[in-house]
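Reading through the structure tokens given below for one structure.
The values are calculated or read from the model by the stated rules, or taken from the named source; none is laboratory data. Just so we're clear, the structure is a prediction, and the values are computed from it rather than from any experiment. Cβ placement follows ideal geometry from the backbone for every residue including glycine, while neighbour counts extend to all protein chains displayed.
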Amino acid sequence: MATVGQPRAEQPSGKQFTKLDGWHVTMIGILIMLLEMMGSELTSKELASLALVNRELNKLATPYLYHTLRFHSSGKITSYDRLLLMLDIMSDSSFDKTKFTRTVMVTGSWYQTYDAIDSDLGPQRVLSPAARMLSALVACCVAKMPYLKEFIWDLQVSITERLVSSVVSRPHLEKLQLRLGTNCTPKPYFHPVLDFNRHINVQSLNLVQIDNHAVLESFADAPLFASSLRELTLWADVDSELSLEPLLSRWHEKGHKFQLASLDFRGFADLGYSPGSIWDCILSSTLRDLTLEIGSAFQVENCNEFWSSAMEAGLRPSRLSTNLLASGLIDFISSFSGLEVLSLMTCDPHRPVEPLGSLLNILQRQHSETLKVLGICTQEHEDYLVDTKIVAENILACHKIEELRFGPRQLDANPILTVLAHLHRLRTLHIVGTMGMTQNHDYMRKVVSSALENGIGENLLYVAFDEGPVYMISRRSPITWLKVRNTVGYIEDSILLHEKVFSWVSRGA
């Protein structure tokens, strides 16, 4: 009953109901269209909000929500531990949303509470019950992911054989990446030998932080069971002084030749007793991306033998990154054309290097029409610092360069200004050496900003200093430097500033 003296509240008419209902339907339609067009670009929070609107949106949002799962350990046990909560929910037999999962990442630090326990158990070759239970719970989740395509383990405690077996048994698995060492955590942790004695349906296999001979040897048979393997990455702990001999000998013994498109070996002390024997195991005609960073045990004669054997095998990579600069590299680069990426990595200071000038001359003659990325790390040799003369006579001839890394000789900004003025496609500049040191960052930023304000370097997007930071250039007036990363290796739309094994860092909630 209406109060006397107050107007009766108006009730919506049938037409108004129809109008409101039509507006609601239109908005739902727009949200559905947005989700279908941009679902993969929305954040987890945005997807979760859409999933709560109605059943239809929930049905559309769910596959995106569970496409990528990241089990992350903060290293601390709290009353609300997200990692444990996720494992409790997703390992439950009644939970069926993991059928939408395509990527799993297990990352972070091991719980501080268990650090000392696992370190004490290490010499006894035992993994703590907590570490084993973690792997067991993840294995339960993986067992319910029939369409899993990618699995990344970057947690600093060891993965178990049971979990590895569960992962590699997934029929659609394409990429497997495992951290096999503990890096900076207390040592010794126990590293179980991983048994790869079954068919592995992967195209990309990446093992990083290998610091144990037994674990390395246990891996030898893995590629033999991966008939679809196209990318192989092995990063060893430099301090462990591991040799590739066990792997190459095993592969040679089996008479297997891998048809790889990408090969990345880093941190190993040497390539075995016969460096050239690697081409008995790798089909050179399919290899397009080669990265080799080998330690001090690899001497001048080893370098020469390796590059000579590479020429004989007919290797013609389009991307080459290496620190094998002592002998033979110049002859190898002169034996073909079409190189798109060349990165000269830092080598052992006690090992001699071939003259940079001679190497750049060959690069200019053979590869100037195709080279887009050039990286020159400063060595313990004055010859590997770049001045204006080297830029003018050698580097500018490679006019298609889009990314460049070098260290100017002395405190001289002229080589950088020359590069910005003449390499019109340059979008990434990585300054190393003395000019890349922290005390010179402000000066170099002023130099580059001044050039940009005068219309020079019109396509420059990234500027990085030594190991970091990395800046993105904003063209608004005035020129603005946005720090996008503290360290090099995480810029995905760059070649010099990106490492594929770090790609997971920017993905997943």
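Can Ser358 be described as under 28 Å from the mean Cα position of the chain (by Cα) and either not in a loop (DSSP other than H, G, I, E, B) or not aliphatic (A, V, I, L, M) (or both)? Show your work before the answer.
Details: under 28 Å from the mean Cα position of the chain (by Cα): no; either not in a loop (DSSP other than H, G, I, E, B) or not aliphatic (A, V, I, L, M) (or both): yes.
For Ser358, the condition - under 28 Å from the mean Cα position of the chain (by Cα) and either not in a loop (DSSP other than H, G, I, E, B) or not aliphatic (A, V, I, L, M) (or both) - is not met.
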Filter result for Gly314 (exposed (fewer than 15 other Cβ atoms within 10 Å of the Cβ), touching a Ser or Thr at 6+ places or on another chain (Cβ under 7 Å) and modelled with pLDDT of 95 or more): yes
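Would you confirm, using the coordinates I've provided, whether Lys400 is free of Cβ contacts under 8 Å to residues at least 40 places away in the same chain and assigned to a loop (DSSP other than H, G, I, E, B)? Give the steps one after another, and end with the answer.
On the way: free of Cβ contacts under 8 Å to residues at least 40 places away in the same chain: yes; assigned to a loop (DSSP other than H, G, I, E, B): yes.
Here the answer is yes, as Lys400 does meet what is asked.
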Scan of the stretch 427-451 for residues that are among the β-branched types (Val, Ile, Thr), within 19 Å of Arg475 (Cα to Cα) and assigned to a helix (DSSP H, G or I), ordered by number: Val447, Val448
Test: residue in the stretch 63-80 that is β-branched (Val, Ile, Thr) and in contact (Cβ under 8 Å) with a residue 40 or more places away in the chain: yes
Matching residues, the stretch 89-135, being in contact with a Ser or Thr (Cβ under 7 Å, 6 or more places away or on another chain), among the aromatic types (Phe, Trp, Tyr) and at pLDDT 90 or above: Phe100
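Residues are listed down the side, and each one gets a yes or a no for (1) in contact with a Pro (Cβ under 9 Å, 6 or more places away or on another chain); (2) charged (D, E, K, R); (3) buried (at least 17 other Cβ atoms within 10 Å of the Cβ); (4) within 30 Å of Val106 (Cβ to Cβ):
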{"site": "Arg425", "(1), (2), (3), (4)": "no, yes, no, no"}
{"site": "Leu429", "(1), (2), (3), (4)": "no, no, yes, no"}
{"site": "Ala451", "(1), (2), (3), (4)": "no, no, yes, no"}
{"site": "Leu460", "(1), (2), (3), (4)": "no, no, yes, no"}
{"site": "Ile473", "(1), (2), (3), (4)": "no, no, yes, no"}
{"site": "Asn486", "(1), (2), (3), (4)": "yes, no, no, yes"}
{"site": "Leu497", "(1), (2), (3), (4)": "no, no, yes, yes"}
{"site": "Trp504", "(1), (2), (3), (4)": "no, no, yes, yes"}
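Could you run through the stretch 267-308 and say how many residues are basic (Lys, Arg) and either touching a helix residue (DSSP H, G or I) at 6+ places or on another chain (Cβ under 8 Å) or surrounded by 20 or more Cβ atoms within 10 Å (Cβ to Cβ) (or both)? Before you say what the answer is, go through the steps one by one.
Narrowing the stretch 267-308 to residues basic (Lys, Arg): 288.
From what is left, the residues that are either touching a helix residue (DSSP H, G or I) at 6+ places or on another chain (Cβ under 8 Å) or surrounded by 20 or more Cβ atoms within 10 Å (Cβ to Cβ) (or both) are none.
Adding up the residues that qualify gives 0.
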Evaluation of Thr388 against (1) out of contact with any Cys (no Cβ under 6 Å at 6 or more places or on another chain); (2) buried (at least 18 other Cβ atoms within 10 Å of the Cβ) (one fails), failing number: (2)
Of all residues making up the stretch 466-483, the number that are within 24 Å of the chain's Cα centre (by Cα) and at pLDDT 95 or above: 7
Any hit, the stretch 361-381, residues being under 27 Å from the mean Cα position of the chain (by Cα) and among the charged types (D, E, K, R): yes
Residue ranges of helices (runs of 4 or more DSSP H) in the stretch 240-337 with at least 2 members aliphatic (A, V, I, L, M) and closer than 24 Å to Phe225 by Cα: 245-254
